[in-house]
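What follows is a single structure, written as structure tokens, with notes after it.
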Amino acid sequence: MQNARPTLEVAVVMRRERVPGAASRWQAWRWVLAEVIRDEEGFGTQPRLLFKNNSEERWLHAGYRVELLDTDAEGYYLNVSTQAPCWFVLWRMEEEAAFADEPIAIPQIVTLSYHDAGRWLDAQETVEQVPAPPDIVAWLRAFVDEHHVQELKKRRRPESFKSLTDRFGNPASVSTEKKFGGGGGGSENPNGSPR
């Protein structure tokens, strides 16, 4: 029987904040990732407003599962080996939501994999990161230590030892002999007259 995958249940806090300065003429508010925390039973399943004043709102979104997959150990290694390991959250704007009066940012996926975040960014998704707390970093590091295998770097043959080919892939050769010009002792101008 196979062991269950290491799993955490987490919740995401999104913050809606006023845009300062001249940029506020085009966009009065913006959404940003505030934090990722452990999920608790009391959080419920529906997004809910935690805080609101004239300059900020904070929304709690619960019920996200983070699973560590041994097939993505390299992605976790790339995260945990940085100066500041972090959570990555993909979120999207939802124009109409039953629980909000205005468009709202909804987290879609939470991960600790650098590879996941890279794929999402390549797909033009909105991905933000926040620091992971020390206990999560320790949990991730233990998983990486158990499952990550450092790839051995292959020694690359120096370019000077590679055989030469032309643009069609056929063998080519290089000569240091002069192919053009006279064989005599004098030098000539390009128009053929002696200097």
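The values are calculated or read from the model by the stated rules, or taken from the named source; none is laboratory data. Quantities reported herein were computed from a predicted structural model and do not represent experimental measurements. When we count neighbours, we look across all protein chains shown, and the Cβ atoms used for this are built from the backbone with ideal geometry, even at glycine.
Structure summary
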{"read-out": "Options V66, V19: the member that is surrounded by 13 or more Cβ atoms within 10 Å (Cβ to Cβ), β-branched (V, I, T) and at pLDDT 95 or above", "value": "V66"}
{"read-out": "Flag for V137 being at pLDDT 95 or above and β-branched (V, I, T)", "value": "yes"}
{"read-out": "E125 being at pLDDT 70 or above, within 30 Å of L50 (Cβ to Cβ) and exposed (fewer than 10 other Cβ atoms within 10 Å of the Cβ)", "value": "no"}
{"read-out": "Leading residue by the ranking (surrounded by the most Cβ atoms within 10 Å (Cβ to Cβ)) among those in the stretch 29-59 that are within 28 Å of A4 (Cα to Cα) and under 25 Å from the mean Cα position of the chain (by Cα)", "value": "V36"}
{"read-out": "Hits in the stretch 106-126 (condition: in contact (Cβ under 8 Å) with a residue 24 or more places away in the chain, among the hydrophobic types (A, V, I, L, M, F, W, C) and in a helix (DSSP H, G or I))", "value": "A117, W120"}
